[in-house]
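Notes to accompany the following structure.
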Amino acid sequence: MRPVSYSRVTDVATAIATVAADPTSAYLAGGTTKVDMLRIYAEPSQRLVDINDLPIDHIEVQPDGAVRLGGLARMNDVALAPVVVDRFPMLSEALLLGASAQLRNMASMGGNMLQRVRCSYFRDAEAICNKREPGTGCSAIAGVNRGHAVLGTSPHCIATHPSDAAVALVALDAMIHYQNSGGHHAVAIDDFFLLPGDTPEREHPLNHGDLITAIEVPALPAARNSLYLKVRDRESYEFALASAACALTVTDGTVSEVRLALGGVATKPWRARKAEHVLRGAPATRETFTRAAEAELADAVPQTMNAFKIELARRTIVRALETLTARGGAV
Amino acid sequence: MSTAIGRPLDRVDGPAKVTGAGRYSAEIALPGLAHAVLVTSRVPSGRVELLDTYDAERAEGVLAVLHHLNLPKGGSVPPLLPSLFGGPASGQTFFPMQDEVIHYAGQHLAMVVAETLDQAEHAARLVRVTYQETASITTVEQGRDRAYEPEKIFAGFMPGRTTRGDAAAALDRAQVTVENTYHCAANHHNPIECSATTAVWEGDRLTLYDGTQGPNATLHTVAELLNVMPSHIRVVTNHVGGSFGCKAMIWDHPALAALAARAVHRPVRLALSREQMFSSVGHREEQEQRLTLGADRDGRLTAIRHHKLSPTSHFDDWAEPSLGVASQMYACPNYEGVYHLIKANTMTPTFTRCPGEASGMFVMETAMDELAEKLDLDPLELRLRNYAENEPTTGHPWSSKGLRDCYRRGAELARWSERDPRPGTVRDGNWLLGWGMASSAYPVTPPGGPQRARARIFADGSAVVQSSFADFGTGSATAMTQVAADGLGLPLERVRVQYGDSDLPNTAAAVGSAGAGMVSAAVHIAATALRDQLIAQAVADERSPLHGADPRQVVVGDGRMALRDRPGTGETYAELLQRSFMADAEALGTWNPPGMETRAASMTFGAQFAQVAVDPELGLCRVRQLIGVFDPGRVLNRKTAHSQLMGGMLWGMSHALLEGTIMGPDGRWANASLGEYLVPVNADAPDVLIETIETTDTVVNPLGVKGVGEVGMVGTAAAIANAIWHATGRRHHKLPITVEDLL
Ligand SMILES: Cc1cc2nc3c(=O)[nH]c(=O)nc-3n(C[C@H](O)[C@H](O)[C@H](O)COP(=O)(O)OP(=O)(O)OC[C@H]3O[C@@H](n4cnc5c(N)ncnc54)[C@H](O)[C@@H]3O)c2cc1C
Ligand code: SF4
């Protein structure tokens, strides 16, 4: 493992000041991504500032029905919080279908948003990789890319965004709250995750030292009829080959409200706006669902080993919509 | 009479393992211990142009950086002989760090030794290697044009080509044929414990703590590699966290650990990383098989032609014997089996649980299912029509064969006759359900030489039985305790088995599912020899109540010798020994296995059934039930035997649906981690139903143990593939069968 130094902070201001002051430093939350990165030499030597004592692990219901999840709230605590289970089942399910129980007890919501890609070339410190070393090239394009993305890719990077929770949060229009020496800020989650373009090393708009303090999920009554469908080779403990976070309301046989986002197939948690557009106001039938899925995947770009993901993503969308329709999305 | 054998006794090593008290080879704490970390080749072919160790040597805690320019040369690389033979058992006839030539990616190029593991790992990253890369071949596809037919495979033990009758002519005449090409991905063993050796020199004596299936295999191999007298080496194997074949042969790391320890004059631990496990301890090779079955309209096989193409290393003609059991399964007069090899830039492949049996029987048993479909016959009926009453290649009788009973009982448990034979007819929501079956068989191979154990009883009537074998998670230490207790006529709690140490009486490596049979033979012979010795002493002793009795009429139970028909007359071992002022008594037991010339063929047979659910829209296959009925001869411990069979069946499921190592275009294994090399998790494990059929086998070994270590895997993949066909109407000719295949 890389040599590291370690310190522990107990208040937000000190945390920010400490990290901001040293470009080689970084926050350490659950460490389930960070420590891995250091062990496999995918990130440079660092001074770790442990933030686990900061008072930002709350799960709070706001007067307007929004739920605020602290940056240090643990994945399992969020997944099992009654308010999340009742109002945002897709988020609870996305969390519970991720990682393992042990990891979810350690891993924080803020860390989850900032987890690194699973591309094996990114994680192999000696391989060529634009994300790790900008401008060197992308090994995955001519390499083993079964797990890579088909949406939002660029000639510079095709790595899939790994988070499940972020997919649900993107469907729910969550806001990411962060703090720095300049004060409190918030950014819409869909703007938080960046496409690789020609700067795959830049995954989000945060600057060094910015601290995620909370994720706010606005009230969305339609989310009570929602689900997270995750398709993968084995039953558990694997990232998605394709996933869909979906909320659906059907009124008199017509889709009146829908939220849809995809995971496992795109370079960022993928809000399926084209599909939503087809669905809204259309009859809740398999035919519509298929058309919506096709519209969303129309621009998908297959790589040498992952063409199946395009069809899989379509079918995942259709299955999610059909399941919710059958479950009583009808009002 | 037997009281302990067969009982589902809990593992004697269980508490040590689950409490963490048991020490694995990478956990041996020794004063002054230093840590070695390997630097491996990034490229599959070429030369090391420059090995820059400047920064590494100056890094904190570094004691030495060893490589081809400064590593002291030792002895010679022994030939590749299976460790079951009991001698040196090098996994490949290549030893690294002797020159700058690179034969495969992951080849060991240098070794950094430092005070701590973290320091050694860090310094290993600082070694900079410049390569002169040359063109490489690492896959079947790349090497197809260069394939050759080896004279022998499998370390020279099996012919490259086997024929009986005239397969070509018979195929021409066959009324029905089934012909397909099958592809099986490479596999890696992935036991939870990565291989590790801790080496300690005391003068010219070497002790190795090594995670191995055979302490003596390590001893003999290292002795040759380092040119050290075997008498000066001791190998200790306390606990082993699984092997599945990757610790069956001896790779370079034990010798490298010893060389490193010699270089720094300190004990050294060399532990492989998970990633290094993919290119340091062998693998199951990628393979393509082409199988043609010919039959008459009644379903009687008239011809089998089975060809295999696979990559091997530059050094050895290795192919796992995929044609072996598949050629012995059914009565068929005409047969042609041929291996083709490709010299590739990989290390020498090796034994991987069911080496050849799993891949070959996947092919044979899916083809049989297709043949049944073509003939409109029940797949089980087809197998019965081709039942081999004798071993088909030699005509020899089987030492025992309970397969008919296995089929019958398995079909009963699976309610086979109740299924609708038409594919694609049963639905459960989004899932299509299907049933499939396959035959299983795994050969019983005797070890190469005598197997030994020593039994020693103390004056208090407690006993220790010693033998060098390793328990690598199979439960053999527990089963041997039962064998020893019965042989001695002692209660279990008075018997301790000591094992995992090459200083103890010699056994070969426990490989090829042969461990239980051969070690139990030695333990049984030692224990009964000691029992008989004490009975003889008692009947000769005037002070004994048994004085003058016919020793054959004396039986022992609970540590007491007594007359069979007058149980009141007798005395305990303790009474005899104490009266005689003997602190202990001991006997050596030697089992000479039947030679290769035995005129009987031996296999453990089985019938396997699977129920799967396939969601064809999402490309998912989940196994709902696995049923296996086997005829393993004598079962030494119902619980550990059951666990072995269940583990094998789950391995088979994994082989069918999950496991595959992918060779990247750069000539490196692309998914060398447990995150990406998928093995099943608990949630994947279906309901597993296992039964064994009682068979008496008087040929294989004294207790009639045929073995359970691997046979559970053999038929599983085919049963699952056949069930997928039954669910969906689609055949799959590859392993693993994944989402993209099922969509
Ligand atoms: C084996 C394995 C399987 C996994 N499977 C899944 C899965 O199926 N689905 C899934 O979604 N995820 C999965 N994960 C990823 C896991 O969810 C993330 O590793 C975890 O959420 C990261 O949280 P953490 O608290 O451990 O972050 P850390 O590892 O502590 O930090 C991650 C990064 O975020 C930064 N950081 C942390 N907190 C903050 C903050 N408040 N503000 C600013 N920066 C911060 C750190 O500096 C670091 O760069 C898996 C991980 C592992 C190891
Ligand atoms: S896909 Fe992205 S992360 Fe992977 S090698 Fe290419 S640039 Fe690097």
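Under the condition of being within 29 Å of A:Ala293 (Cβ to Cβ) and of a type in the set (A, V, I, L, M), which residue from the range B:614-648 is farthest from the other protein chains (Cβ to nearest Cβ)?
Only one residue fits best here, namely B:Val614.
Within the group A:Gly197, A:Gly209, which residue is more than 14 Å from every other protein chain (Cβ to nearest Cβ), touching a residue at least 40 places away in the same chain (Cβ under 8 Å) and within 16 Å of ligand 2 (Cβ to nearest atom)?
Step by step, each of A:Gly197, A:Gly209 is checked, and only A:Gly197 is more than 14 Å from every other protein chain (Cβ to nearest Cβ), touching a residue at least 40 places away in the same chain (Cβ under 8 Å) and within 16 Å of ligand 2 (Cβ to nearest atom).
Name the single residue, out of those in the range A:128-149 being open to solvent by less than 10 Å² (accessible area, probe 1.4 Å) and within 13 Å of chain B (Cβ to nearest Cβ), that is farthest from ligand 1 (Cβ to nearest atom).
The extreme case among them is A:Gly143.
Go through the range B:118-164 and count every residue that is closer than 30 Å to B:Leu69 by Cβ and either surrounded by fewer than 17 Cβ atoms within 10 Å (Cβ to Cβ) or away from chain A (no Cβ under 14 Å) (or both).
Within the range B:118-164, residues that are closer than 30 Å to B:Leu69 by Cβ and either surrounded by fewer than 17 Cβ atoms within 10 Å (Cβ to Cβ) or away from chain A (no Cβ under 14 Å) (or both) number 8.
Checking A:Val187 against (1) touching a Pro at 6+ places or on another chain (Cβ under 7 Å); (2) within 16 Å of ligand 1 (Cβ to nearest atom); (3) touching a residue at least 40 places away in the same chain (Cβ under 8 Å), which test does it fail?
Result: A:Val187 passes all but (3).
Residue by residue through the range B:93-131, note down the ones that are in a strand (DSSP E or B) and more than 18 Å from A:Tyr41 (Cα to Cα).
B:Val101, B:Ile102, B:His108, B:Leu109, B:Ala110, B:Met111, B:Val113, B:Ala114, B:Thr130, B:Tyr131
Taking the condition of being closer than 18 Å to A:Ser163 by Cα and touching a helix residue (DSSP H, G or I) at 6+ places or on another chain (Cβ under 7 Å), how many residues in the range A:227-251 meet it?
Going through the range A:227-251 one residue at a time, the tally reaches 14.
When B:Gly667 is evaluated against the numbered criteria (1) in a helix (DSSP H, G or I); (2) small (Gly, Ala, Ser); (3) open to solvent by less than 10 Å² (accessible area, probe 1.4 Å), which criterion, by number, is the only one it fails?
Going through (1) in a helix (DSSP H, G or I); (2) small (Gly, Ala, Ser); (3) open to solvent by less than 10 Å² (accessible area, probe 1.4 Å) one by one, B:Gly667 breaks only (1).
Taking the condition surrounded by fewer than 24 Cβ atoms within 10 Å (Cβ to Cβ) and among the hydrophobic types (A, V, I, L, M, F, W, C), does B:Leu492 pass?
Yes, satisfied.
For the range A:297-329, name all the residues that are closer than 17 Å to A:Glu257 by Cα and without any contact (Cβ under 8 Å) to a residue 60 or more places away in the chain.
A:Val318, A:Glu322, A:Ala326
Are there helices (runs of 4 or more DSSP H) fully within the range B:703-743 with at least 2 residues that are away from chain A (no Cβ under 14 Å)? List them.
The helices (runs of 4 or more DSSP H) meeting that bar are B:711-714, B:716-728.
B:Lys73 versus (1) touching a residue at least 40 places away in the same chain (Cβ under 8 Å); (2) more than 28 Å from the chain's Cα centre (by Cα): which is the lone unmet condition?
So the condition that B:Lys73 fails would be (1).
Which residues, taken from the range B:532-565, are under 16 Å from B:Ser462 (Cα atoms), outside any helix (DSSP H, G or I) and open to solvent by less than 50 Å² (accessible area, probe 1.4 Å)?
B:Val556, B:Gly557, B:Gly559, B:Met561 - these are the residues of the range B:532-565 that are under 16 Å from B:Ser462 (Cα atoms), outside any helix (DSSP H, G or I) and open to solvent by less than 50 Å² (accessible area, probe 1.4 Å).
Restricting to the range A:82-127, and then to whatever is surrounded by fewer than 20 Cβ atoms within 10 Å (Cβ to Cβ), more than 9 Å from ligand 1 (Cβ to nearest atom) and among the small types (Gly, Ala, Ser), can you tell me which residue is farthest from the other protein chains (Cβ to nearest Cβ)?
Among those residues, the one meeting the criterion is A:Ala101.
Which of the residues spanning the range A:150-164 are within 16 Å of ligand 1 (Cβ to nearest atom) and either modelled with pLDDT under 95 or small (Gly, Ala, Ser) (or both)?
A:Ala159, A:Ser163
Could you tell me which numbered condition B:Gly704 fails, if it satisfies all but one of (1) of a type in the set (Gly, Ala, Ser); (2) in contact (Cβ under 8 Å) with a residue 24 or more places away in the chain; (3) out of contact with any Lys or Arg (no Cβ under 6 Å at 6 or more places or on another chain)?
Unmet condition: (3).
Tell me the residue from B:Leu626, B:Leu650 that is touching a strand residue (DSSP E or B) at 6+ places or on another chain (Cβ under 8 Å), of a type in the set (A, V, I, L, M) and not in a strand (DSSP E or B), please.
One residue alone meets the criteria, B:Leu650.
Are there helices (runs of 4 or more DSSP H) fully within the range A:8-81 with at least 2 residues that are surrounded by fewer than 19 Cβ atoms within 10 Å (Cβ to Cβ) and of a type in the set (D, E, K, R)? List them.
A:34-39
Which residues, counting only those in the range A:274-295, are in a helix (DSSP H, G or I) and either in contact (Cβ under 8 Å) with a residue 60 or more places away in the chain or open to solvent by 60 Å² or more (accessible area, probe 1.4 Å) (or both)?
A:Lys274, A:His277, A:Arg286, A:Glu287, A:Arg291, A:Glu294
Quick test of your reading of the structure: B:Arg408 fulfils all but one of (1) open to solvent by 20 Å² or more (accessible area, probe 1.4 Å); (2) in the same structural domain as B:His103 (by TED's automatic domain parsing). Name the failing condition by number.
Just one mismatch for B:Arg408, condition (2).
Find the residue count for the range A:103-132, including only residues that are more than 19 Å from the chain's Cα centre (by Cα) and either within 9 Å of ligand 2 (Cβ to nearest atom) or under 25 Å from B:Pro680 (Cα atoms) (or both).
Selection size over the range A:103-132: 7.
I want to confirm something. Restricting to the range B:566-618 and keeping residues that are open to solvent by 60 Å² or more (accessible area, probe 1.4 Å) and in a strand (DSSP E or B), which single residue is farthest from B:Ala656 (Cα to Cα)?
This residue is B:Glu586.
Which of (1) polar (S, T, N, Q); (2) within 16 Å of ligand 2 (Cβ to nearest atom); (3) touching a residue at least 60 places away in the same chain (Cβ under 8 Å) is the odd one out, the single condition A:Thr136 does not satisfy?
Result: A:Thr136 fails condition (3) only.
Just to be sure before I move on: is B:Gly20 at pLDDT below 95 and on the phi > 0 side of the Ramachandran plot in the structure I sent?
When the stated conditions are applied, B:Gly20 passes them.
At pLDDT 95 or above and more than 23 Å from the chain's Cα centre (by Cα): which single residue out of B:Thr661, B:Thr716, B:Thr738 fits that description?
Matching residue, one of B:Thr661, B:Thr716, B:Thr738: B:Thr738.
In the range B:493-528, what residues are of a type in the set (Val, Ile, Thr) and without any contact (Cβ under 8 Å) to a residue 40 or more places away in the chain?
The answer is B:Val495, and nothing else.
Looking only at residues that are open to solvent by 20 Å² or more (accessible area, probe 1.4 Å) and assigned to a loop (DSSP other than H, G, I, E, B) in the range B:687-702, which one is nearest to the other protein chains (Cβ to nearest Cβ)?
Looking at residues that are open to solvent by 20 Å² or more (accessible area, probe 1.4 Å) and assigned to a loop (DSSP other than H, G, I, E, B), I get B:Ile693.
Open to solvent by 40 Å² or more (accessible area, probe 1.4 Å), in contact with a Gly (Cβ under 7 Å, 6 or more places away or on another chain) and touching a residue at least 60 places away in the same chain (Cβ under 8 Å): which single residue out of B:Pro349, B:Pro355, B:Pro333, B:Pro397 fits that description?
Sole residue among the options that is open to solvent by 40 Å² or more (accessible area, probe 1.4 Å), in contact with a Gly (Cβ under 7 Å, 6 or more places away or on another chain) and touching a residue at least 60 places away in the same chain (Cβ under 8 Å): B:Pro333.
The values are calculated or read from the model by the stated rules, or taken from the named source; none is laboratory data. Just so you know, these numbers come straight off a predicted model, no measurement behind them. Cβ coordinates were reconstructed from backbone atoms using ideal geometry, including for glycine residues, and neighbour counts include every protein chain displayed. In case anyone asks, the SASA skips ligands and DNA or RNA and just uses the protein heavy atoms, side chains included. Shrake-Rupley method; radii C 1.70, N 1.55, O 1.52, S 1.80 Å.
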